Amino acid sequence: MTDQPKATPYEQLGGQPAIAAVVERFYDLMDSDPAYAELRAIHAADLTPMRASLAGFLTGWAGGPRDWFEANPGKCMMSMHSGFPITAETAGQWVEAMAHAFADCDLADHPVGKLMNERFEMMASGLARTAAMAG
Ligand code: HEM
């Protein structure tokens, strides 16, 4: 048996079209569903740059092309969120909106979708705890 390189999570999920669909749905939901109003309120009026940035981040993070990381050397979860009023409430809304977006894209039961959402929950609660400590 030859050693085949393992498919990355990015490839397993469906590559660029899958990431783009989830990210577009995520911001559309944030922009329109009152359940995410507090989360929407801490974002800029124009979500266009965020759509591109989150898609680029998730692409590299899931093992796809790393253009976002090359364009943003040193940027990390903590540095890109410092200065935003992240609370348990807005963190919960982020996680729920993202789970909702995966479900709307028929990726909620995908093994990689499940793993990503578990990690999002950990990252979001870490951000909320750090923000609470910073006061
Ligand atoms: C606690 C939950 C979270 C909240 C409340 C939150 C909120 C925000 C806000 C307010 C911004 C700036 C938006 C703007 O400039 O208009 C932002 C940027 C960003 N967030 Fe989050 N976020 C959360 C979790 C996450 C997670 C889990 C990820 C990645 C998996 C993520 C990835 C990003 C990226 C890539 C940017 C753009 C940074 C940039 O282009 O400078 N966020 N977030």
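Answer rounded, prolate or oblate for region 61-135, using the Cα gyration tensor with square roots of eigenvalues a ≥ b ≥ c: rounded when a/c is under 1.5, else prolate when a/b is larger than b/c, else oblate.
Values: a/c = 2.48, a/b = 1.19, b/c = 2.09.
Oblate shape, in that a/c is at least 1.5 and b/c is the bigger or equal ratio.
Can you list the equivalent-ellipsoid semi-axes of region 29-99, largest first and in whole Å, using the square root of 5 times each Cα gyration tensor eigenvalue?
Numbers: eigenvalues 104, 37, 28 Å².
Taking √(5λ) for each Cα gyration eigenvalue gives 23, 14, 12 Å.
Quick one: putting +1 on the C-beta of Lys and Arg, -1 on the C-beta of Asp and Glu, what dipole do you get for the chain around its Cα centre, in Debye to the nearest 20?
Working: 9 positive and 17 negative charges, 90 e Å.
It works out to roughly 440 debye.
Given a 1.4 Å probe, how much area per residue of region 14-134 is accessible, in Å²?
Details: 6510 Å² over 121 residues.
Accessible surface, normalised per residue, equals 54 Å².
Considering only protein heavy atoms and a 1.4 Å probe, what is the carbon-and-sulfur percentage of the accessible area of the chain? Don't skip to the answer; put the middle values down first.
Details: 4680 of 7940 Å².
Carbon with sulfur: 59 percent of the solvent-accessible area.
Just the number: Rg to Rh for the chain, Cα atoms, Kirkwood Rh, two decimals. Kindly include the intermediate steps, with their values, before the conclusion.
On the way: Rg = 15.3 Å, Rh = 15.6 Å.
On the Cα set of the chain, Rg over Rh gives 0.98.
Under 13 Å from the 7 Å Cα→Cβ point of residue 28, by amide nitrogen: which residues of region 98-124?
Hits in region 98-124 for residue 28 at 13 Å: 101-106.
What distance in nm separates the two pseudo spin-label positions at residue 89 and residue 11, each 7 Å out from Cα along the beta-carbon direction?
4.5 nm
The values are calculated or read from the model by the stated rules, or taken from the named source; none is laboratory data. For clarity, every value in this text was computed on a predicted model and none was experimentally measured. Here Cβ is always computed from backbone atoms with ideal geometry, including for glycine, and neighbour counts include all displayed protein chains. Side chains included, ligands, DNA and RNA excluded: accessible areas come from the protein's heavy atoms. Shrake-Rupley method; radii C 1.70, N 1.55, O 1.52, S 1.80 Å.
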